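Data block below; observations after.
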Amino acid sequence: MTTEMSCRRVLIVEDESMVAMLLEDMLTDLGHEVVATVGQMDRAAELVAGAAIDVAILDVNLNGERTYSLATVLKSRGVPFIFATGYGAAGLNEEWRSAPILGKPFQAKDLNRVMREVFEHRAAGDRANT
Amino acid sequence: MLGTLAVYYTQPHDPGAHERQLIERATRLAAIVIERERAEKALAAREREFRALADNMSQFAWMTDATGWIYWYNQRWFDYTGTTLQEMEGWGWQKVHHPDHVDRVVRKIRHSFDTGEPWEDTFPLRSKEGEYRWFLSRALPIRDEHGCIQHWFGTNTDITERLKAEQQRTLLINELNHRVKNTLAIVQAIAAQTLRSANVDPSVQETFESRLVALSNAHNILTRESWEAAEIHDIMARTLEPHAGPERLSVHGPSIRLAPKAALAIAMGMHELVTNAVKYGALSNGTGQVAVTWSVDEPKPGMFHLQWKERGGPAVEPPSRKGFGSRLIERNLVHDLNGKATIDYQPEGIVCTITGILRTAPGEMDAI
């Protein structure tokens, strides 16, 4: 049923350390590699702009600040991302409402499903472009 | 007249027939003039009263002819918009409307003028300072004795503050929901770390997390409706759909608006039943079925009855010890719904019957 997914290099942007820890464990259990975990906007911006990553998981609200600017950079780099949020899709502004989203709290299987969707969607996009 | 006659005759004088006639006519004439003046004064007084009322009411008010051509506004309209009747009469009012809304407003009000349907709309109007404020606007046709529309009488009520308060409330509820969700995620993380370090079977963590997520999903539905009520179909769909499609799990019942406590209790109860069915019951094999049905007492809705019925699963044996799931259903659900719940371990499948009292919440005629 659930086929193994190849190992992805993941950046976690999350200001709540306990939640970040949980995400790290979930991702590791799913066979992924956590490149870095950051909870500060400036550090996150650096990594988002330059780090070698396959995907980023962005907490929408980072210490009261929205992480849309990070999403914009990732989009321009062609790096997929997932918003993690307690607000649900209604909490995202209109520009990002159709972005992949994980509603907090979530289970490992939800994380796995969204990760899979992100890369399947990308693969379909690549095929369409060639 | 009498004065004139009195001055005219220097000596006492007995009036002749002609003079009497003259006096009589003059008196009648005077009476008519006095009466007319009295009527005019009364009319002017009523007019003043009407103006005082119209100009001092908190709303803007206006009148149109039968075609919708506005010929009168109260003073408040001119005070707010800083315009004159000359600019505003007829369809000139469009000048103070917001360009993003004016077409919609015109379309809608024309429809009312054409059909005679009462008009209601909400839109921004520009003040003389250039600020836009929001107005709830209504107009009703005034008909003559034959039912023909003679005029329309309309009002605009400033609801800017109310809208701001509503936005503020939505913002606050979203923020609160976000914090609750973050806290639930932290609780989940603490539990995960605790269970992991104690080498507990991973299925325990899975069960715990799925319960937490079920609670969180019910919160989402309630948050969407400002924690007033949740539609039972939404609760069922959110709780049950991830586990089985309609070919295995059918859901039938009338629409019920559940009060928050009842919504959470039913979501948690359904979550326990469906996860149990997936593990051991009718959804654990390839063919079993679950039917969820509920009804409301007629004609006077007092009670609501819900049944969860499994068929076609492996043979059921009553458990030797009651798990958290069945205790949650039999105790918590009963407590929060103020009703009754029983789980019947029939050999051919579990049947769970829940009865709850329909309570009327403020503004919710049918919330449980």
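Any read-out appearing in this document is the output of simple, stated calculations on the displayed coordinates, not a laboratory observation. Keep in mind it's a predicted model, so treat the numbers as computed, not measured. No Cβ is skipped: glycine too gets one built from the backbone with ideal geometry, and neighbour counts run over all protein chains shown.
Residue exposure proxy: B:67, A:72, A:85, ordered by other Cβ atoms within 10 angstrom of their Cβ from fewest to most, comes out as B:67, A:72, A:85. The value given for chain A is a Kirkwood hydrodynamic radius of 14.8 Å, derived from the mean inverse Cα-Cα separation.
What is the calculated FRET efficiency for residue B:50 to residue B:321, with r their C-beta to C-beta distance and R₀ = 60 Å, to the nearest 0.05? Approximately 0.15, to the nearest 0.05.
Spacing of the modelled spin labels on residue B:67 and residue B:161, each 7 Å from Cα toward Cβ, amounts to 4.0 nm.
Do any chymotrypsin sites (Phe, Trp or Tyr not before Pro) in segment B:130-188 lie in a loop, going by DSSP, with at most 12 other beta-carbon atoms within 10 Å of their beta carbon, and if so which?
Of the chymotrypsin sites (Phe, Trp or Tyr not before Pro), not one in the loops of segment B:130-188 has a Cβ with at most 12 other Cβ atoms within 10 Å.
Just checking the listed ones, B:32, B:266, B:256: in the Gaussian network model of chain B with Cα springs under 10 Å, the one fluctuating most is B:32. Given R0 = 56 Å, the distance between the Cβ atoms of residue B:198 and residue B:108 translates into a calculated FRET efficiency of 0.30. Using DSSP loop states and a limit of at most 14 other Cβ atoms within 10 Å to flag trypsin sites (Lys or Arg not before Pro), what is the longest stretch of chain B containing no flagged site? Longest site-free region, per DSSP loop and neighbour criteria: B:129-320. Distance between the modelled labels on residue B:101 and residue A:25, one decimal in nanometres: 5.2 nm (7 Å Cα→Cβ projection). Shown here for segment B:161-241: GluC sites (Glu not before Pro) in loop regions (DSSP other than H, G, I, E, B) with at most 16 other Cβ atoms within 10 Å, namely B:225, B:228. Between residue B:133 and residue A:123, the distance separating the two model label sites (each 7 Å from Cα on the Cα→Cβ line) works out to 6.0 nm.
Note on chain B: Cα convex hull, mean projected area over all directions, 35.5 nm².
Candidates A:96, A:108, A:118 compared by Cα position along the dipole of segment A:60-130: farthest toward the positive end lies A:108, with charges placed on Cβ.
What is the helix-to-structure angle for B:260-279, meaning the angle in degrees between its Cα long axis and the longest Cα principal axis of chain B, kept from 0 to 90 and rounded to the nearest 10? Tilt relative to chain B: about 30 degrees. Largest mean-square fluctuation among A:42, A:25, A:110, in a Gaussian network model of chain A whose springs join Cα atoms under 10 Å apart, belongs to A:42. Rounded to whole Å, the principal axis extents of the Cα atoms in segment B:1-160 read 86, 40, 23, largest first.
Expressed as a whole number of Å, what is the distance separating the alpha-carbon centroids of segment B:60-135 and segment B:201-262? Going from one Cα centre to the other spans 46 Å.
Fewest to most neighbouring Cβ within 10 Å: what's the order for A:81, A:119? Walk me through the intermediate numbers first.
Details: A:81 24, A:119 15.
So the ranking, lowest neighbour count to highest, is A:119, A:81.
Taking the Cα centre of the protein assembly as shown as the origin and placing charges on Cβ (Lys, Arg +1; Asp, Glu -1), which of B:152, B:227, B:174 is farthest toward the positive end of the dipole? Of the listed residues, the answer is B:227.
Percent antiparallel among DSSP beta bridges with both residues in the protein assembly as shown, to the nearest 5?
For the protein assembly as shown, the DSSP antiparallel bridge percentage is about 75.
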